[in-house]
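Asks: Sharing a structure below in structure tokens format, with a few things to ask.
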Amino acid sequence: MKDLFQRISENKGPLGKWASVAEGYFVFPKLDGPISNRMKFNGKEVITWSVNDYLGLANNDEVRAIDSEAANKFGSAHPMGARMMSGHTGLHEKLENILAELVNKESSYVLNFGYQGILSTIDSLVSKNDVIVYDTDSHACIIDGVRLHLGKRFTYKHNDIESLEKNLVRASKMANNSDGGILVISEGVFGMRGEQGKLKEIVKLKEKYKFRFLVDDAHGFGTLGKNGSGTGDEQGIQDEIDVYFATFAKSIASTGAFIAASKVVIDFLKYNMRSQMFAKSLQSVLVYGIIKRIEMMKSRPEFKMSLWENVNSLQDGLKTRGFDIGNTQSCVTPVYLKGSIPEAMVLVKDLRENYGIFCSIVVYPVIPRGLILLRLIPTASHTMKDITITLDAFSSIREKLNNGTYKTMSEAIPTL
């Protein structure tokens, strides 16, 4: 019999194998200072394109004041216990009522975390008799939720309605045989590519295949739709989304998440989501601050307007200079380049150290081998100067990538 840890020591995984040369810089980097368009990395100021603070609320004076007020009023522990036992408050109910109205649903339920929240929602909604059909580009939290499912599941090609329908035919046969139902899952905005899910096209299939529809709108909530109400509202089909999920960790610049649906569904989830039933309630200091943020998002359209001015300027500038930004239909701005992982590491180090630009790097196995994805997240806090500097820097690093400069420099990096 092998030692359980033998595999771990021998195979660190496709990303873990780079830890010795990547950790602390390319992965697990440390950004210092207040969350903003400019922060400190390795002691130097950098233009920050890796923080999901879409509306620029994280370092807003009003927001920080309300957070300080909440800390003084509640401390960091209140309330103590799970909501089913001793951690339920009127403040939580107030937030849930605000959220349900905002996203046009009958009821909502506040969750402690986004990743845990969507995973547990999926797990609770389906039984072993049910079938899940989900987009192949779904976020890891959705994939992990689906992995918990004891029944059948199928993926459909990314945003491919023909592929979805083929899998719905298969799912329908299985659900009929098992006396179960079908859950279709899509993201509102896919966080890597920036594409909106084809929600409008998906809901047109509901009558024919009798499925229920779950949308994870982490990147759409706050950035799309009236008052930031999300991708479903943007596409005019919010009523057809059966279970709507969004997080507070992006546009709202806080912690936690929520689900919204009919009262029947929310009541079921409240009494059956084990990750919430047996977990400490989301702290009141956070709930109090989230209410303020939601109110600002609804009443102050200038935050969303500033965000989209920056998004359009950045994306138009990149396209004008001939960069491939895919088919993004959101704030998420991917820039696709061709190169190896060692070239990507040299490129990003040059970008950070010599151009003062900090953005996320994505390589194989997250995307196909031979591609480099530089992911930019514009926010309302960025300035036109930030955008101009970034566009010039990207033109320069692309030239170095194409003329072989980075290839030569990358030869010193060990191949693993």
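Asks: Can you pull out the trypsin sites (Lys or Arg not before Pro) in the range 255-331 whose DSSP state is coil and whose Cβ has at most 16 other Cβ atoms within 10 Å? Numbers along the way, then the final one.
Replies: Working: sites: K263, K270, R274, K280, K292, R293, K298, K304, K319, R321; in loops: K280, R321.
Within the range 255-331, the qualifying trypsin sites (Lys or Arg not before Pro) (loop, at most 16 other Cβ atoms within 10 Å) are K280, R321.
Asks: Measure out, as a whole number of angstrom, how far apart the alpha-carbon centroids of the range 282-336 and the range 182-259 sit.
Replies: 16
Asks: Further question on the same structure: Roughly speaking, to the nearest percent, how much of the range 214-339's 1.4 Å accessible area is carbon and sulfur?
Replies: On the way: 2260 of 4630 Å².
It is 49 percent, rounded to a whole number.
Asks: Quick one: net charge around N52, please, counting Lys, Arg +1 and Asp, Glu -1 for every other residue with C-beta under 12 Å from its C-beta. Please list the in-between numbers first.
Replies: Values: positive: K250, R375; negative: D53.
That sum, taken over residues with Cβ under 12 Å, equals +1.
Asks: Also, I was wondering about something else. How much of the DSSP beta bridge set in the chain is antiparallel, as a percent to the nearest 5? Can you show the working numbers first?
Replies: Details: 26 of 46 bridges.
Beta bridges within the chain, antiparallel portion: roughly 55 percent.
Asks: In debye, nearest 20: dipole of the chain around its Cα centre with unit charges on the Cβ of K, R (+) and D, E (-)?
Replies: Numbers: 51 positive and 47 negative charges, 161 e Å.
Approximately 780 debye in magnitude.
Asks: Something else now. Just from its helices, what would the mean residue ellipticity at 222 nm be for the chain, if runs of 4 or more DSSP H residues each count -39500 (n - 2.57) and the sum is divided by every residue, rounded to the nearest 500 deg cm²/dmol?
Replies: Numbers: 17 runs with 175 residues, N = 416.
About -12500 deg cm²/dmol.
Asks: Taking a ≥ b ≥ c as the square roots of the eigenvalues of the Cα gyration tensor of the range 260-358, is the shape rounded (a/c under 1.5), prolate (a/b larger than b/c) or oblate? It would help to have the intermediate numbers written out before the result.
Replies: Working: a/c = 2.38, a/b = 1.84, b/c = 1.30.
Note, shape of the range 260-358 comes out prolate.
Asks: If you don't mind, there's one more thing I want to ask. Measure up K226/K292; K226/K263; K319/K385 against 20 Å on the Cα-Cα distance and list the ones that go over. Spell out each step's value before the answer.
Replies: On the way: K226/K292 18 Å; K226/K263 23 Å; K319/K385 18 Å.
Violating the 20 Å limit, Cα to Cα: K226/K263.
Asks: Here is a further query. GNM on the chain, C-alpha springs below 10 Å: top fluctuator among R369, R38, R83?
Replies: R369
Asks: Please report, as a whole percent, how much of the solvent-accessible surface of the range 1-115 comes from carbon and sulfur atoms (probe radius 1.4 Å). Could you put the intermediate results ahead of the total?
Replies: On the way: 3740 of 6890 Å².
The value for the range 1-115 is 54 percent carbon and sulfur by accessible area.
Asks: Using the alpha-carbon atoms, what tilt in degrees (0 to 90, nearest 10) does helix 341-354 show relative to the longest principal axis of the chain?
Replies: 80
Asks: Could you tell me which of rounded, prolate or oblate describes the range 303-349, using a ≥ b ≥ c as the square roots of the eigenvalues of the alpha-carbon gyration tensor, with rounded for a/c under 1.5 and, failing that, prolate when a/b is larger than b/c and oblate otherwise?
Replies: Numbers: a/c = 2.68, a/b = 2.10, b/c = 1.27.
Prolate, since a/c reaches 1.5 and a/b exceeds b/c.
Asks: Under a Cβ-only charge scheme (Lys and Arg +1, Asp and Glu -1), can you give me the dipole magnitude of the range 135-255 about the Cα centre, in debye to the nearest 20? Write out the running numbers ahead of the final one.
Replies: On the way: 17 positive and 18 negative charges, 83 e Å.
So the dipole magnitude of the range 135-255 works out to roughly 400 debye.
Asks: What does the accessible area per residue of the chain come to in Å², with a 1.4 Å probe and no ligands, DNA or RNA counted? Walk me through the intermediate numbers first.
Replies: Working: 19460 Å² over 416 residues.
With all protein chains present, the chain gives 47 Å² per residue.
The values are calculated or read from the model by the stated rules, or taken from the named source; none is laboratory data. Quick caveat: nothing in here was measured; it's all calculated off a predicted structure. Heads up, the Cβs are rebuilt from the backbone with ideal geometry, glycines too, and the neighbour counts pull from every protein chain shown. In case anyone asks, the SASA skips ligands and DNA or RNA and just uses the protein heavy atoms, side chains included. Shrake-Rupley method; radii C 1.70, N 1.55, O 1.52, S 1.80 Å.
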